[in-house]
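Chemist: Got a structure for you, written out below as structure tokens; questions coming shortly.
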Amino acid sequence: MRVLITGVTGFIGHHLILKLTKVKEIKEILCLVRNETLARRKFLNIKKINFKEIDLIRDKIKINKKYDVLIHLGELIPTLNQKNRITFIENNLIAKNIIENILFTERVNKIIYTSTVDVYGKPLYLPIDEEHPKNPLTLYGISKYTNELYLKKVCEQMNIKLIILRLSQVYGPDEPVIKVIPLFVKKIKQNKTITLYDRGKVVRDWVYVEDVVSAIIKALYFNNDTEVFNIGSGKQNTLLDLIRILKKLFNSNVKIEISNIKKDSRPKLFFNINKAQNKLKYKPKFDLEKGVTEYLKYEKHNF
């Protein structure tokens, strides 16, 4: 198996590439990266992987060989200080070059595309299954759902298999520090008060990054033409559950301030993962406490 991949230096991509190199069926991995020097430094002495420096938005992509799979992870996550919203949307839409130079030239047989829970918007029912109406409320969700529709049409026309994995809240080592778990960990280590809005009863489906990686690897072997799967933990947890776990693991008495103010447009959000379990044979191994425990082993020196 020969794999083409974007976004390897990102949070999920970094974890994925380390696992892919250990899959015996994979003989070659070509990583499309923006900065080859930095990428090589990050994955020093790892066999099976090669790099091609390219800007997916602006550069013409020249792929001389045919690959079995394209795993497309290379996109932006908005920050609170995002200034140019239009640029963000443009950069997150499937690069025209990928369509023209990889799909239309039949350089791959299959695409695995990582999407997001954000495509659903505010839940109309719970748990959310793959048939739930799509009504994205964020720029990130809008760009992801647009990509889903675009890829479905192109892959149908070109007879390319497509697997879309809609991810819930992914966490783990090296995740962006703007996310709730590293923020809470940092506050606990600094013994700073943590404020929980909506009485701390906001519900999320946190999924550990190793489980997400396992789903992507399972998708390599999935042979249906086009399928969409929700990838989560199969569990629902509140922010209060998360705090209790963190306080226990740190043996901390950090002060918790409970507020009735609602600051979340999606107070309850968790996935039905039956389809992924049945068809993809996806089996999450980490509940929240086990995942956070594993996460802290890696991150103990970073806070």
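Taken together, the values in this text are just the output of simple stated rules run on the coordinates, not laboratory data. Not measured: the values here are computed from a predicted model. With ideal geometry, Cβ positions are generated from the backbone for all residues, glycine too; neighbour counts draw on all protein chains shown.
Chemist: Near K262, which aspartates and glutamates are there with a Cα under 20 Å away, not counting those fewer than 8 places off in the same chain?
Modeler: Within the straight-line limit of under 20 Å, K262 reaches these aspartates and glutamates: D118, D198, D205, D241.
Chemist: Near N35, within a Cβ-to-Cβ distance under 12 Å, what is the net charge of the other residues, with Lys and Arg +1 and Asp and Glu -1?
Modeler: Computed value for this residue: +2.
Chemist: Something else now. Using the Kirkwood radius over Cα pairs, work out the Stokes-Einstein diffusion coefficient for the range 160-303 at 25 °C and 0.890 mPa s, in µm²/s as a whole number.
Modeler: Here the translational diffusion coefficient equals 151 µm²/s.
Chemist: A further question follows. How many percent of DSSP beta bridges within the chain run antiparallel, rounded to 5?
Modeler: 5
Chemist: Okay, moving on. Any idea which of T226, I160, T114 is furthest toward the positive side of the dipole for the chain, if Lys and Arg beta-carbons carry +1 and Asp and Glu beta-carbons -1?
Modeler: T114
Chemist: For the chain, set up a Gaussian network in which alpha carbons nearer than 10 Å are linked by springs, and say which option among E36, E75, E257 fluctuates the most.
Modeler: E257
Chemist: Counting Lys and Arg as +1 and Asp and Glu as -1, each charge on the Cβ, what is the dipole of the chain about the Cα centre in debye, to the nearest 20?
Modeler: 720
Chemist: Using every Cα-Cα pair within the range 1-80, state what percent have a distance larger than 22 Å.
Modeler: 20
Chemist: I would also like to ask the following. Considering the chain as a Gaussian network with a 10 Å cut-off on Cα pairs, which listed residue, K24, K110, K189, attains the greatest mean-square fluctuation?
Modeler: K24
Chemist: Using per-residue counts of other Cβ atoms within 10 Å, averaged over each peptide, order 14-21, 249-256, 211-218 from highest down.
Modeler: Most protected by this proxy first, the peptides run 211-218, 14-21, 249-256.
Chemist: How large is the helix-only mean residue ellipticity at 222 nm for the chain, computed as the sum of -39500 (n - 2.57) over DSSP H runs with n ≥ 4, divided by its residue count, in deg cm²/dmol to the nearest 500?
Modeler: Dividing the helical sum by the residues of the chain leaves -9000 deg cm²/dmol.
Chemist: Bins of 5 Å, beginning at zero and ending with the bin holding the largest distance: percent of Cα pairs per bin for the range 154-230, please.
Modeler: Once binned at 5 Å, the Cα pair distances of the range 154-230 give 3, 12, 17, 16, 15, 11, 9, 7, 5, 3, 2, 0.
Chemist: Tell me which aspartates and glutamates have Cα within less than 20 Å of K110's Cα, excluding those fewer than 8 residues away on the same chain?
Modeler: Leaving aside aspartates and glutamates fewer than 8 places away in the same chain, those within reach of K110 are E25, E28, D68, E75, E100, E148, E156, D225, E227.
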